[in-house]
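Here's the structure, in structure tokens; my notes come after.
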Amino acid sequence: MWNVERLSEPLGPHYDGIVEVLSLGFETDPGFLALLQGSGESRARLIRELMRSTLTLHLAGHQPVFVIEQDGEILGVSLAEEPGASLPLLAGAKELVRLLRVTRLSVVLRSVQGMFALMRERPREPHYYLGMLAVHPRMRGRGLGRALLEDLQAVSESHPDSIGVGLDTSNARNVTLYEHFGYQMVARLRVSGSDAWCMFRPDGANRRI
């Protein structure tokens, strides 16, 4: 049984470990492969920069970070948005400027356009949104992803206003996995050159399947 811990800002030494796990977790993700050109270390560097910006914005919005840690090492992480969360505009503008220093304008624009396209498919009612979930490659298949997912679902079910958990994935293999946990297909989009599946799990779904 893995223990999931909720971290609060500032993350201190955990920050770099979280960025590393997110970067490794999405290095072969079809969405990122379509968004970013290049290969090898060049693409890996861009993914790290995007993950660093994602985490910085997440923290600027005071949103929860859930981790599985062992002996001081981050092994799994999920970034979730609480019901009613909004994008911190000032921090967002600063991160856009920073990203423009390390990548092309076209990449930044496609990333932002894709983000807003996916946001339009979310339920209007209050809900949690699973922005990212990643497990260190050497720990895959050992139940960390399941623990992170089920922990967020439990958090949603205990929230007085949340109706469930939404997410999106650009990895077709994940669709069946999420369906196993009670997620339902909401929409399928073409985003930044790859397919994206938008899914939603209403609270109490596991009690109805």
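Structure summary
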| quantity | calculated |
| --- | --- |
| Exclusive hit being among the hydrophobic types (A, V, I, L, M, F, W, C), surrounded by 15 or more Cβ atoms within 10 Å (Cβ to Cβ) and in contact with a Cys (Cβ under 8 Å, 6 or more places away or on another chain), set LEU35, LEU55, LEU118, LEU50 | LEU118 |
| Failed criterion for SER111 (all others in (1) within 22 Å of LEU22 (Cβ to Cβ); (2) crowded, with 19+ Cβ neighbours inside 10 Å; (3) at pLDDT 95 or above; (4) of a type outside the set (A, V, I, L, M) hold) | (3) |
| Selection status of GLY141, at pLDDT below 95, on the phi > 0 side of the Ramachandran plot and surrounded by fewer than 18 Cβ atoms within 10 Å (Cβ to Cβ) | yes |
| Conditions (1) among the polar types (S, T, N, Q); (2) touching a residue at least 40 places away in the same chain (Cβ under 8 Å); (3) farther than 24 Å from LEU33 by Cβ: number failed by GLN70 | (2) |
| Hits in region 22-46 (condition: hydrophobic (A, V, I, L, M, F, W, C), within 15 Å of the chain's Cα centre (by Cα) and under 26 Å from SER86 (Cβ atoms)) | LEU22, PHE26, PHE32 |
| Given (1) β-branched (Val, Ile, Thr); (2) in a strand (DSSP E or B); (3) over 30 Å from GLN184 (Cβ atoms), number of the condition ILE68 does not satisfy | (3) |
| Single residue of GLU150, GLU125, GLU179 found to be surrounded by fewer than 16 Cβ atoms within 10 Å (Cβ to Cβ), over 28 Å from GLU49 (Cβ atoms) and under 16 Å from the mean Cα position of the chain (by Cα) | GLU150 |
| Residue in region 6-19 that is within 22 Å of MET119 (Cβ to Cβ), part of a helix (DSSP H, G or I) and of a type outside the set (D, E, K, R) present | no |
| Top-ranked residue of region 1-10 - restricted to ones that are over 17 Å from the mean Cα position of the chain (by Cα) and surrounded by 10 or more Cβ atoms within 10 Å (Cβ to Cβ), ranked as nearest to THR56 (Cα to Cα) | GLU9 |
| Matching residues in region 82-110 - criterion: being in contact with a helix residue (DSSP H, G or I) (Cβ under 6 Å, 6 or more places away or on another chain) and among the polar types (S, T, N, Q) | THR103 |
| Output for region 39-65, where each listed residue is in a strand (DSSP E or B) and more than 26 Å from PRO126 (Cβ to Cβ) | none |
| Count of region 28-45 residues which are within 17 Å of ASP16 (Cβ to Cβ) and of a type outside the set (Gly, Ala, Ser) | 1 |
| Residues that are closer than 19 Å to GLY114 by Cα and touching a strand residue (DSSP E or B) at 6+ places or on another chain (Cβ under 8 Å), drawn from region 24-50 | PHE26, PRO30, GLY31, LEU33, ALA34, LEU35 |
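The values are calculated or read from the model by the stated rules, or taken from the named source; none is laboratory data. These figures come from a predicted structure and were not determined experimentally. No Cβ is skipped: glycine too gets one built from the backbone with ideal geometry, and neighbour counts run over all protein chains shown.
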